[in-house]
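Before any comments, here is the structure.
Read the figures in this text as sums done on the coordinates, not as results from a lab. All values derive from a computational prediction rather than experimental measurement. Every residue, glycine among them, receives a Cβ derived from its backbone with ideal geometry; neighbour counts consider all protein chains shown.
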Amino acid sequence: MWASSTATALKISSASKSHLSLAFSFSRCFSTVLDGLKYAKSHEWAKHEGSVATIGITDHAQDHLGEVVFVELPEAGSSVSQGKGFGAVESVKATSDVNSPISGEVVEVNSNLTEAPGLINKSPYEEGWMIKVKPSSPSELESLMGSNEYTKFCEEEDASH
């Protein structure tokens, strides 16, 4: 629908309309996976910069959840453990626990998510980050997947469902 109305507004030929529509549908089939991040099998990402790691849920996870309507996050100063829950994301479909990909101390929480939880849908890797952690064992990052591994993991997981 969106592609058709946009094509009409832009006065694109009918041959181009079907191409635009296919391109739009095709792009929705695949989630964005960014290089330079580390990924957990539970669909969280970590970006390690200096002494802090920023953590959030992946585009793949938010896509499967649907519209995010509420986010529960820990307080700054609390501890998180690799593979253990630190919060929850509630969507129109379900509520899901969010696990930490690494252990450490929470040094910052994205308070914007309280007022605008949909930032996770709109921008899971930028504005929709959840917490920043000072890692207690930075070597835990090595146990996480890179972008190629995570992409393959998601493809295999989706194929098995």
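General remarks:
- Extending 7 Å from the Cα toward the beta-carbon at both Thr32 and Asn148 defines two label points whose distance is 2.3 nm.
- Length released on extending from Ser139 to Ala94, taking residue separation times 0.36 nm less the Cα-Cα span: 12.9 nm
- Global size of the stretch 38-160 as Cα Rg and Dmax, reported in angstrom: 13.4, 40
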